[in-house]
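Contents: one structure, followed by commentary.
The values are calculated or read from the model by the stated rules, or taken from the named source; none is laboratory data. Since this is a predicted model, take the numbers as computed values, not measurements. For neighbour counting, all protein chains shown are included, and Cβ atoms are generated from backbone atoms with ideal geometry for every residue, glycine included. Surface areas here come from the heavy atoms of the whole protein model, side chains and all, with no ligands, DNA or RNA. Shrake-Rupley method; radii C 1.70, N 1.55, O 1.52, S 1.80 Å.
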Amino acid sequence: MALASLLLTLSVYMLVPVLPQWMMHEQNMSPQEAGLAVGCFGFGLYVLGLLCSWLVQRYRRNAVCLWAIAAVAVCHALLIYLDSLQTLFVEWAIMALMGVLQGAAFGLAQMVLSSTLIIDTCESFQRTEANHSASWFSRFALSLGPLLASVLMGVYGFQTVIWGAVAATVAALLLIRAVSFPFRSPEERPHVLSADRFFLTDGIPLFLNLLIVGGVVGMVLSLPLSAVFYALTMGGFLLALLAQRFVFRNAELESEVLTGLLLLTAALLVLLVDSQSPAAPLLFGLAVGLTASRFLLFFVKVSRHCQRGTSQSTFFLAWESGVCFGLCAGYALFWQQVASLLYTAIAMTVAALAAYHFFTFRWFLHHKNR
């Protein structure tokens, strides 16, 4: 299931370096239109959230996930059809609708996968470790997806990238299909609309703080980055795993996020001074790995009994919608204004660090339940 989560997320991140460019260069859209179309994906993540709990109670939870993944694959395949209409330009409204549908399907699939399937197939004492491991697999997609897309785009073109995304979703579907899930009797009268498995209202300060960090990451991903950048970002992720194991294992609880945000600021400064420096992607990957993984554990610790799944979905929404809205801002507001984008990203990172140090962490200490 961790591999399925990786492949599903990878299929979406493969679109990051190619889809906005395709809209602007092949479909004659403005950067603002391309950015807003990407932003519609972030809006779509929330569309089916209130129905998530009812769907997994009303139908088999693995079936809901499988149908949602299949819908993601269909949305990817529709891009191939739209690209084949070479004599016609695709209307912006169609791409916006595609973004909403794709976001809704991806959001539902990941919420069911992280908040229900992974948790239900683990022993109670392994669930935090399972959530942590699965989130790391999804995080790897942030570098592996754009890296694979950049290589395929340079050699074979846009349609090959999309076929690769379709293949990744189909592989994720087959992996989940191969897992046996124990039967769970549903509630007698589940509410059709419910925040259960969707949004943890007790974690709003964490949500807002992480949303800002995700926005910075999305803004960086909107820059014209090379395949080497994404490969070195993966190296930064591996450094983050080592740092968690050997550096932060017995460190103060607050230090990991503070270090991550300081490293993210350093990465942005390096990008501002020398965009070709290999230090920038290494610091970027290290910062993202440290910050996101610690926030995930904070979400788990503020959740009450039987809210673990809801905390996973809330973390997912904060991170993915933050990245998506950052991409939207990068194209719609800062297209070809690299310095302005980086100065804004630095200011946002400093704001996130100050909010975390002076408010969010202290709030967490007073509200944690585990």
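Observations on the model:
Results for (1) of a type in the set (D, E, K, R); (2) modelled with pLDDT of 95 or more; (3) not in a helix (DSSP H, G or I), shown as yes or no for each residue.
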site	(1), (2), (3)
Val12	no, yes, no
Asn28	no, no, yes
Gln32	no, yes, no
Gly35	no, yes, no
Tyr46	no, yes, yes
Leu50	no, no, no
Ser53	no, no, no
Val56	no, no, no
Ala63	no, no, no
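- Top-ranked residue of segment 106-142 - restricted to ones that are open to solvent by 20 Å² or more (accessible area, probe 1.4 Å) and closer than 15 Å to Val12 by Cα, ranked as modelled with the highest pLDDT: Phe140
- For Gly103, the criteria (1) touching a Gly at 6+ places or on another chain (Cβ under 6 Å); (2) at pLDDT below 95 hold in every case but one, which is (2).
- As for segment 90-100, it holds at least one residue that is in a helix (DSSP H, G or I), open to solvent by 30 Å² or more (accessible area, probe 1.4 Å), farther than 21 Å from Ser311 by Cβ and free of Cβ contacts under 8 Å to residues at least 40 places away in the same chain.
- Positions within segment 244-283 being open to solvent by 50 Å² or more (accessible area, probe 1.4 Å), among the aliphatic types (A, V, I, L, M) and either more than 23 Å from the chain's Cα centre (by Cα) or modelled with pLDDT under 95 (or both), in sequence order: Val247, Leu253, Leu269, Leu272, Val273
- Where a residue in segment 328-346 is crowded, with 21+ Cβ neighbours inside 10 Å and its partner, wherever it lies, is aromatic (Phe, Trp, Tyr), with Cβ under 7 Å and at least six apart: Leu341/Phe334
- Selection within segment 183-228 - out of contact with any Gly (no Cβ under 9 Å at 6 or more places or on another chain) and either buried (at least 24 other Cβ atoms within 10 Å of the Cβ) or of a type in the set (Gly, Ala, Ser) (or both): Ser185, Ser194, Leu200, Gly203, Leu206, Asn209, Ser226
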